[in-house]
Amino acid sequence: MFNRTLPITLFALLTLSALPANASSPDRCATLGSDGYPALCEPIAEDLAWYWDGEVCCDAAGCELLTTRACATGTQTYSCEYATVDVFGNATCQFVVPRYCELNQDCRSTAELPETLPPQYTWGPFESAICCFNTGDCYPPEGGPCGGFLTWCDNGVSNSDGTVTCFDGEEDD
């Protein structure tokens, strides 16, 4: 005799297993700050972002990997599309920002840098998000609201006035 519930049960199990694991978890990067950028996630350049699409347990101090079916008391489950995870299981959710030199036609080459930098520069070269304004001035976001637009700088120098000059890193031929 044929059991009619078996095919329906198998169909239901296959359908449920095809759903993303984070379908019910809120996106950690959906909460926006006053500047319109995700308040609880870190900016990263697209090709540096590690596609993760997983769940984390977060509280006010930060996030860690979801290692069981439920988060510990006092934490909440969130999903992250992009994240970095350290060796201790601490996770940092990320969102993608454009590169400075992809937005700026006048981006300077590192070949323009002198052998010895003048005292007003502090050579990083740092690789970090920067907050830029329509005036052309860029600053490190320092963990606060940007107020301008966030972009990624691959090779930057800090200027004595607190601004950042971003270079493309490509040598001119």
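The numbers here are math on the coordinates, done by the rules we state, and not lab data. On a predicted model such as this, the values are computed, not experimentally measured, just so you know.
The length gained on full extension between ASP86 and ASP27, counted as 0.36 nm times the residue separation minus their Cα-Cα distance, comes to 19.2 nm.
Checking the a/c ratio against 1.5 first, then a/b against b/c, what shape does the Cα gyration tensor give for region 21-97? Since a/c reaches 1.5 and a/b is larger than b/c, the shape of region 21-97 is classed as prolate.
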